[in-house]
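First up is the structure itself, then whatever we jot down about it.
The values are calculated or read from the model by the stated rules, or taken from the named source; none is laboratory data. The shown structure was predicted, so the numbers you read here are calculated from the model rather than taken from an experiment. Please note: Cβ atoms are built from the backbone with ideal geometry, for glycine as well, and neighbour counts cover all protein chains shown. SASA here: full protein model, heavy atoms, side chains in, ligands and nucleic acids out. Shrake-Rupley method; radii C 1.70, N 1.55, O 1.52, S 1.80 Å.
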Amino acid sequence: MSKGQNAKVAVVYHSGFGHTEVLAKKVAEGVADGGAEAVLLKIDSPVQDFGPLLDAASEADAIIFGAPTYMGDVSATFKAFADASSKVFATGGWKDKLAAGFTNSHSFAGDKGHALESLTILAAQHGMNWINLGLAPPHVTAAERGPDTINRVGSFIGLAGQSDNAGTDVSPPAGDRETARLQGVRVAQAALRWKRGAAEANLAEAA
């Protein structure tokens, strides 16, 4: 693949205590493993200047949104970024880009599904194309789903991680980290196909 067809994937995330950031970095690692360029964009504050983050995300072919689940939805800090993205919405700047998402909370449920739905709606508002997790749930009993299990929560729409009240050196566990990496690989490979297809279509139109 030529340099001009290389895909760029932005990972835009907020992390309150560092656990979601662990997953964000593993997602970015997976993007690189999948053959695309990963750009980590951390949201630090609900009152920061979001312009640079929005500009950097707009340069990507795909955007993976990440936020912790607080009180059944994405964090207020991430929501501030989402609201600020209305400036991009007004110009259709993210239309037809690829999108995916991940979240993390203390409990196994914690209404993480609602937070992921919020991320999909954000993507839909921008006219983006959502990529699901693409990983089957564990084919073992719940009691056998240890910390090394891939997609141990059994999420389909996106990555749903679970972290204990412990240091980021041990939580989230290895299975969630690997699930995050695999999500990055999936999105990278999709972005490469998406960009290659667009390039081929442009060549066909020019012929």
ask   = touching a Ser or Thr at 6+ places or on another chain (Cβ under 6 Å), open to solvent by less than 40 Å² (accessible area, probe 1.4 Å) and among the polar types (S, T, N, Q) - does that describe any residue in the stretch 117-129?
value = no
task = Would you check which residues across the stretch 32-48 are crowded, with 16+ Cβ neighbours inside 10 Å and over 20 Å from VAL22 (Cβ atoms) and list them?
result = ALA36, GLU37, PRO46
request  = Report yes if some residue within the stretch 139-162 is of a type in the set (A, V, I, L, M, F, W, C), at pLDDT 95 or above, in a helix (DSSP H, G or I) and more than 20 Å from LYS79 (Cβ to Cβ); otherwise report no.
outcome  = no
request  = Take the stretch 146-186 and flag every residue that is of a type in the set (A, V, I, L, M) and without any contact (Cβ under 8 Å) to a residue 60 or more places away in the chain.
outcome  = ILE150, VAL153, ILE157, ALA160, ALA166, VAL170, ALA174
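Across the stretch 79-100, what is the total count of residues that are part of a loop (DSSP other than H, G, I, E, B), within 15 Å of VAL12 (Cα to Cα) and not small (Gly, Ala, Ser)? Even if it seems obvious, please write down each step before you answer.
Just the residues of the stretch 79-100 that are part of a loop (DSSP other than H, G, I, E, B), to begin with: 85, 90-97.
Restricting the remaining residues to those that are within 15 Å of VAL12 (Cα to Cα) gives 85, 94, 97.
Applying the additional criterion that residues be not small (Gly, Ala, Ser) yields 94, 97.
Qualifying residue count for the region: 2.
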request  = Go through (1) in a loop (DSSP other than H, G, I, E, B); (2) touching a residue at least 60 places away in the same chain (Cβ under 8 Å) and name the single condition LEU133 misses.
outcome  = (2)
request  = Go through VAL39, VAL31 for me and flag whichever is within 18 Å of LEU133 (Cβ to Cβ) and not in a loop (DSSP other than H, G, I, E, B).
outcome  = VAL31
query = Got at least one residue in the stretch 55-64 being free of Cβ contacts under 8 Å to residues at least 12 places away in the same chain, outside any strand (DSSP E or B) and open to solvent by 40 Å² or more (accessible area, probe 1.4 Å)?
reply = yes
query = From the set of residues in the stretch 169-181 that are surrounded by fewer than 21 Cβ atoms within 10 Å (Cβ to Cβ) and of a type in the set (A, V, I, L, M, F, W, C), which is nearest to ASN129 (Cα to Cα)?
reply = ALA174
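Collect the residues in the stretch 112-127 that are out of contact with any helix residue (DSSP H, G or I) (no Cβ under 7 Å at 6 or more places or on another chain) and either in a helix (DSSP H, G or I) or modelled with pLDDT under 95 (or both), keeping them in residue-number order.
LYS112, GLY113, HIS114, ALA115, LEU116, GLU117, SER118, LEU119, THR120, ILE121, ALA123, ALA124
Taking only the stretch 163-207 into account, find how many residues are among the acidic types (Asp, Glu) and in a helix (DSSP H, G or I). Walk me through how you get there before you give the answer.
Taking the stretch 163-207 as the starting set, the residues that turn out to be among the acidic types (Asp, Glu) are 164, 169, 176, 178, 200, 205.
Next, only the ones that are in a helix (DSSP H, G or I) stay: 176, 178, 200, 205.
Residues in the stretch 163-207 being among the acidic types (Asp, Glu) and in a helix (DSSP H, G or I): 4 in total.
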